[in-house]
Amino acid sequence: MRVKEDVLPRRIAKQIELSGIVQGVGFRPFVRNLAVEHRLVGWVRNTSAGVDIEVEGPRQEVESFVSELLSRAPPRAEIEEINVRECPTNGNQHFAILESLPRPDACQRVSPDIATCEPCLSELFDPQDRRHRYPFINCTNCGPRFTIIEDIPYDRPKTTMRSFRMCPACEHEYEDPTDRRFHAQPNACPSCGPHVWLCDRSEPVDPNLRGEAQPDREAIRRAGQALKEGAILALKGLGGFQLACDAANESALTRLRERKRRPDKPFAVMMPNLAEVERHCSVTAEEKELLCSPACPIVIVRWREGSTLCPSVAPNQAYMGVMLPYTPLHHLLLCETGRPLVMTSGNLSEEPIVKDNDEALLRLAPLADLFLLHDRDIYARFDDSVWFVPVLGSPQPVRRARGFAPSPVRTSFPLGRILACGAEWKNTFCLTRDRYAFLSQHIGDMENHETLEHFEKTVAIYEHLFRAKPAALACDLHPDFLATRYAHRRSRDEHLPLLSVQHHHAHLTSCMADNDWDPNAGPVLGVVFDGSGYGADGSIWGGEFLIADYRAFKRYGHLQVMPLPGGDAAIHRPYRTALAWLQASLGEIPDLPFLGSVSEEEMGVVCQMVTKGSNTPLTSSCGRLFDAVSALLDVCGRSTYEGHAAVRLEMLAGDRIDALCRSQYPIPIEERKEGKVVCLGPLFKAIVEQVKAGRPACEISAVFHNTVAQGAVEMCLRMREETGLHVVALSGGCFQNRALLRLTLEPLRERGFQVLLHRRVPCNDGGVSLGQAVVAYHLCGENG
Ligand SMILES: [Zn+2]
Ligand SMILES: [Zn+2]
Ligand SMILES: [Zn+2]
């Protein structure tokens, strides 16, 4: 009997539900073609939860279809869950793609934006193609996604492309299951899609009055010409406006820096291709892979000596942020100029990136000479993402935005429904649902009304798109952060529980969650080297040794606290921090070269502040320690961007690190009533002596880096001895310092520690919201 049954071709039907990134990546055409290949009938459709499929045919064919769904899925798809069950046959006659089915409360992952793919690129530069040099070419494998999606399921009417009606040729591609633009929602061509136009800041030109035969081509040609002549161009990119200028033109760069009020902070450079990148930078295989990945981020790479780019692109830096073109418009513009272009966010200092034409003409008018605008609206604002590849360890994001957000950080444990509002600087928020942490794109420094508004709008977009209303809120302990105030307001208005999470506990748990650390695996040791954060005792923390799990932490020890004259104001004037720390640790100010630019009067004021403690909070911040040493060595006394003084100090150490990494200054650890304290007095004393003896600053910097790392390693050894724990997480913004990271990581590994490093979210304050969310969930319990 059995034999007979197996021999007969028996028809069966199966229903399949898929979730993950399965929309906006060419999944339905793939399913349809696969079904046709296996001679199956049935249907496929998008839902707000993912993709539903029903197939019917001979058992063998249905089985192979199901396994090939996974093994042959399109390159940008990410299948997370698949549910298959047998169902009655329905007598379907063919295989159809059905209308999308919205489901209330279902959660569908939205694909981030994807850089222009190879086939689209070859069409873009093919004179025979109907999209030859058309700046909005895209297909099911590339193009805008989250920047234009207003709602799910992802269909054209729910994107900002809805106002463009497809021409018959485009519509044919869109409806032909064998075409590579089948159901490509942003599909467009020169006769039916968006267009670009160029205008200057004095007279915005109505696009309808241009009267040119090939308006896109002509606009881009003229924009390219202007760039070559030294103009600053505001161009509407994917997630917002960018400001561009010739990276080899000193006077253009000077003007851009003046207008943007950004004297020193490095600019990123867009290069036409990998060959050009290699002309100016030395890139490792891992860095190349990141540069060419579909997300196409800015990658911080080593700048080659002899590069013809202006040093003022990234003053006093050995590294430079580079990226490749990621939209057809960028490709065309770089083809036109044939040279690397500085490409920086279109905003004034720390305001959010500008996204609309009107907004650009108003807010960017003082910054740009020309505007390259287009009429495809941007729905969600996105800056470019930034990554770096440390010598040891895997790549880490510095800024997680376009191409990555809103892809969630997935964990193997539940995260409840929390909205964590993040920190003040480099703010991101984190919205959780089930096992997903939807970490927002980089929002910015929450110090102005515009950024708060951007924050609130983006929270609303995420809650709507991911159908995730929070059951509880989390925020920083700092009462004055705008994000904290937002959380308090919402907690009151919506009667939601609110948990405040200590800043460095959030850093540490962020690193744990980033590594999918099991909540039942117990506590880990943590070294959090950071700028500053509100401590549990009301003082300013930032050089912390913690023992923590997702619920609680113990402050095992910290860097010695030092006075910060004028509080946060000292951040901009590291020489004042140096004065205060010398006064505090040596009891006097020795005669050193960096004092040449400080008046007697100011010195007196600072010393008095320190002795009296007036407006001079104490801090254990590691960031401020780097500031103080940088100023003390006369490397950087005034800081114009976050991390400025520390980065200068790191660059100075540069290649000296290897030669000197075995020597160190004394860094004793003392037992005090508040815990173990890493004492800094002997370190300052030694540095002062060496400055006086004329030892080069680069050598002192290298030994200093190693000393701080050795202090951390010594503390870890003691923590391990006392607790028996051997897993250490390294977090906090200071670990963006490549030298410090390597000098800490290497000896920890040699001594048998398992070290957790950030991989998916930044170690700086951009990752803090993830930690806040995980802690809040574990304290709120299952209801959270
Ligand atoms: Zn494409
Ligand atoms: Zn068309
Ligand atoms: Zn921090």
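When only alpha carbons are used to place a centre, region 22-40 and region 583-624 end up 68 Å from one another. For region 436-509, the spherically averaged projection of the C-alpha convex hull amounts to 5.3 nm². Relative to its Kirkwood radius, the Cα radius of gyration of region 73-157 gives an Rg/Rh of 1.07. All Cα-Cα separations within the chain were binned at 10 Å from zero, giving a P(r) of 3, 13, 22, 24, 19, 12, 6, 2, 1, 0, 0, each value a whole percent of the pairs. For region 296-425, the Stokes-Einstein estimate of translational diffusion at 4 °C and a viscosity of 1.567 mPa s comes to 73 µm²/s, using the Kirkwood hydrodynamic radius over alpha-carbon pairs. According to the Kirkwood relation over distinct C-alpha pairs, the hydrodynamic radius of region 688-743 is 13.1 Å.
Annotation: amide H of PHE553 has no partner in the under-5 Å range at sequence separation 5 or more or interchain, hydrogens built in the peptide plane. Along its first, second and third principal axes, ordered by size, region 21-67 spans 30, 16, 15 Å in Cα coordinates. Here the ratio of the Cα radius of gyration of region 738-784 to 2.2 N^0.38 Å is 1.57.
Of all DSSP beta bridges in the chain, what percent run antiparallel (nearest 5)? The antiparallel fraction comes to roughly 70 percent. Applying D = kT/(6 pi eta Rh) to region 1-123, where Rh is the Kirkwood radius over alpha-carbon pairs, T corresponds to 4 °C and eta to 1.567 mPa s, the Stokes-Einstein value obtained is 83 µm²/s. For region 596-669, the Kirkwood radius over C-alpha pairs fed into Stokes-Einstein at 10 °C and 1.306 mPa s yields D = 109 µm² per second. Seen from all directions on average, region 284-362 presents a Cα convex hull projection of 7.0 nm².
Relative to the compact-globule estimate of 2.2 N^0.38 Å, the Cα radius of gyration of region 129-202 comes out at 1.16.
Solvent-accessible surface of the chain, averaged per residue with a 1.4 angstrom probe and all protein chains in place: 38 square angstrom. When the alpha carbon gyration tensor of region 543-637 is reduced to an equivalent ellipsoid, its three semi-axes come out at 28, 14, 11 angstrom, largest first. Out of every Cα-Cα pair that region 625-705 contains, those further apart than 22 angstrom amount to 28 percent. Among the protein heavy atoms of region 278-433, carbon and sulfur supply 51% of the accessible surface, probe 1.4 Å, non-protein parts ignored. For region 40-92, the C-alpha radius of gyration divided by 2.2 N^0.38 Å, with N the number of residues, is 1.18. For the residue pairs LYS265/LYS426; LYS355/LYS457; LYS554/LYS612; LYS228/LYS265, the alpha carbons lie more than 21 Å apart in LYS554/LYS612; LYS228/LYS265. For the chain, relative contact order (Cα pairs under 8 Å, six or more residues apart, normalised by length) works out to 11 percent. When HIS454, HIS183 are compared by accessible area of protein heavy atoms, the largest-first order is HIS183, HIS454, using a 1.4 Å probe.
Determine the share of region 683-784's accessible area contributed by carbon and sulfur atoms, expressed in whole percent, with a 1.4 angstrom probe. Exposed carbon and sulfur together represent 45 percent of the surface. Three principal axis extents describe the C-alpha atoms of region 671-784; from largest down they are 63, 31, 29 Å.
The values are calculated or read from the model by the stated rules, or taken from the named source; none is laboratory data. Everything numeric in this text was worked out from a predicted model, so none of it was measured. Surface accessibility is based on the protein's heavy atoms, side chains included, excluding ligands, DNA and RNA. Shrake-Rupley method; radii C 1.70, N 1.55, O 1.52, S 1.80 Å.
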